[in-house]
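Below is one structure, written out as structure tokens; the observations come after it.
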Amino acid sequence: MVRTRIIGGTVIPVSERGLWYASGHVVVERGRIVSVGPGEGPSTPEDEVVDARGKYILPGFVNAHGHAAMTLLRGYADDLPLMDWLQKKIWPVEHGLTGEDIYWGTLLAIVEMIENGTTAFADMYFHMDRVAEAVAEAGTRAVLCRGIIGSGPDEGSRAIEESRAFVNRWHRAEDGRITATLGPHAPYTCPPQVLKRVAEVSAQLDVAVQIHLSETRSEVNQMMSAYGKSPVAVCAENGLFERPTLAAHCVHLDDSDIDLLRRFGVHVSHNPGSNLKLGSGVAPLPELLRRNVVVGLGTDGAASNNNLDLLEEIRLAATLHKGVHQDPVIVDADTALALGTREGARALFLEEGLGTLKPGAPADLIIMEAGSPHVLPLYNPISQVVYAARSGDVTDVMCDGRWLLRNREHQTLDRERILYHAERIAARFAP
Ligand SMILES: [Zn+2]
């Protein structure tokens, strides 16, 4: 078994606050990190040696919320009120998407994410078998669910049974790179009996749940007038939070909502770029962190972002709340980088150690150029990555010990073919 020894670069393990090694090593064997630290590390003559001088070595980014195949709708409709955007533009086109379309749209998303250093992502969409096939081919890590909408009669139970079949086919597949979950879309599209049923089935299958929650002010108002309770309280009351739950957005929370999230151990995906672009608001990230809620970062779909660049979300997390609170120390670089890596992996209920570089952890890592003008001179690499680097600085990406990108060349995917098919499909939607 070939060991890979990456040496000479600045290593940012994200395992401890402020930790980095100016000239360090990372050794990978059988998909796991076996050594991290200063110097060149343990060596054998058979090692594959990767010279990372003048580069950073850090954990791959984790995208904790999204809808990968929505890359096909990137830029299709922008700058509209949320409900017009959804009802008049996005939903009609989504309605016509085939499994084949979603396969190519997901691959377009994965090509983009690999190139910008993302090694794991969450996805809620439909035709999920085709999404899982794309993930399997790409060699990336993903936490997948079929979106469950339960508004019509039987619609919820049908979607739940399809989800069950999907979980049975794909949960822990591809050496554990694929995790299947249940995905009730939101409390405003899933009535209480659907939420209850999702909780029961997720317990039977022993899988986690992903849901959109408290994204907009109007969602909160709608839940208040229907049930006299906030979206968070509706989920809590219907047993959803008895299950491991990842809640996306959580923009409009009051004190008792945050209390419920903390008490039930609900994890949150903070999606600042999407929340800004759709005019939804700004989530209370500092308060969630202060109350020890596990928070990761997500891009959301490319129709509402409009890219899948997690480094942009890391920078937004580090700057947005400073501005909102007029407080330059409220979310620092160290915290923001951890949210986009280690905490994102925790938020997705992934294996302990993922999102860090430490012995025993699965080898999901990236190498970034550190010698370009926009990242020089170097005082603190964590600050440099968060505030100055660009995702285009990523040169190499490894997931589960396998190279997905080497010197900016894809190792698992045919980039040209994927771009061709994505454009061919998009031509159908052109007005
Ligand atoms: Zn979403």
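The values are calculated or read from the model by the stated rules, or taken from the named source; none is laboratory data. Please read all numbers here as calculations on a predicted model, not as lab measurements. Note: ideal-geometry Cβ built from the backbone for every residue, glycine included; neighbour counts use all protein chains shown. Protein only, heavy atoms only, side chains kept; ligands, DNA and RNA dropped before computing areas. Shrake-Rupley method; radii C 1.70, N 1.55, O 1.52, S 1.80 Å.
Put a dot 7 Å past each Cα toward the Cβ at Arg291 and Arg17; how far apart are the dots in nm?
So the label points at Arg17 and Arg291 sit 2.1 nm apart.
If you consider only alpha-carbon coordinates, what radius of gyration and Dmax does the chain have, in Å?
Final numbers for Rg and Dmax: 20.8, 69 Å.
Give me Rg/Rg_expected for the stretch 326-431, where Rg uses Cα atoms only and Rg_expected = 2.2 N^0.38 Å with N residues.
1.36
Treating the angle as unsigned and between 0 and 90°, give the value, to the nearest 10°, between the Cα long axis of helix 255-264 and the longest Cα principal axis of the chain.
70
Total Lys pairs in the chain closer than 19 Å by alpha-carbon, pairs eight or more apart in sequence or interchain only?
5
Please list 375-383, 142-150 highest first by mean number of surrounding beta-carbon atoms within 10 Å per residue.
Put in order of decreasing packing, that is 142-150, 375-383.
Using only Cα atoms, locate the centre of the stretch 241-276 and the centre of the stretch 109-156, then give the distance between them in Å, rounded to an integer.
Between the Cα centres of the stretch 241-276 and the stretch 109-156 lies a distance of 21 Å.
Would you mind checking the radius of gyration and Dmax of the stretch 59-218 based on alpha-carbon positions, in Å?
Just the Cα atoms of the stretch 59-218 yield Rg and Dmax of 15.5, 45 Å.
Output the 0 to 90 degree angle, nearest 10, between the alpha-carbon long axis of helix 217-227 and the longest principal axis computed from the alpha carbons of the chain.
40
With every protein chain present, what is the per residue accessible area of the chain (1.4 Å probe, Å²)?
Working: 16650 Å² over 431 residues.
For the chain, the per-residue accessible area is 39 Å².
Work out from phi, with θ = phi - 60° and the Karplus expression 6.51 cos²θ - 1.76 cosθ + 1.60, the ³J(HN,Hα) of each residue of the stretch 394-409, listed in order in whole Hz, and give x for Gly and Pro.
For the stretch 394-409, the Karplus-derived couplings read 5, 10, 9, 9, 10, 10, 6, x, 10, 6, 9, 9, 10, 6, 6, 9 Hz, x marking Gly and Pro.
Which cross-chain or sequence-distant (5 or more) residues have an amide H under 5 Å from the amide H of Gly183, H modelled 1.01 Å from N in plane?
Arg146, Ile148, Gln210
Using helices alone, I'd like the mean residue ellipticity at 222 nm for the chain: each DSSP H run of four-plus residues gives -39500 (n - 2.57), total over residue count, nearest 500.
Theoretical 222 nm ellipticity from helices: -10500 deg cm²/dmol.
When you count, for each residue, the other Cβ atoms within 10 Å and take the mean per peptide, how do 81-91, 251-261 rank with the highest first?
The densest-packed peptide leads the list: 251-261, 81-91.
Check Leu405: other-chain or 5+ apart residues with amide H under 5 Å from its amide H, H built from backbone geometry?
The list, which skips near neighbours in sequence, is Val397, Gln411.
Please compute the net charge surrounding Glu94, taking Lys and Arg as +1 and Asp and Glu as -1 over other residues with Cβ under 14 Å from its Cβ.
Every neighbour counted, the sum reads +4.
What is the distance, in nm, between label points placed 7 Å from the Cα along the Cα-to-Cβ direction at His95 and at Ala173?
3.0
Consider just the alpha-carbon atoms of the stretch 59-123 and return their Rg together with their Dmax, both in angstrom.
13.1, 40
With no solvent and one point on each alpha carbon, what is the Debye value of log10 I(q)/I(0) for the stretch 251-340 at q = 0.12, 0.23 Å⁻¹?
Evaluating at q = 0.12, 0.23 Å⁻¹ gives log10 I(q)/I(0) of -0.34, -1.22.
Would you work out which of Ser35, Val49, Ala64 lies farthest towards the positive end of the dipole of the stretch 29-69, given +1 charges on the beta-carbon of Lys and Arg and -1 on that of Asp and Glu, about the Cα centre?
The listed residue farthest towards the positive side: Ala64.
May I ask for the angle, rounded to the nearest 10°, between helix 310-325 and the longest principal axis of the chain, with both axes built from Cα atoms and the value confined to 0 to 90°?
Compared with the principal axis, the helix lies near 70 degrees.
Taking all protein chains as present, what is the carbon and sulfur share of the accessible area of the stretch 61-347, in % to the nearest whole number, probe 1.4 Å?
50
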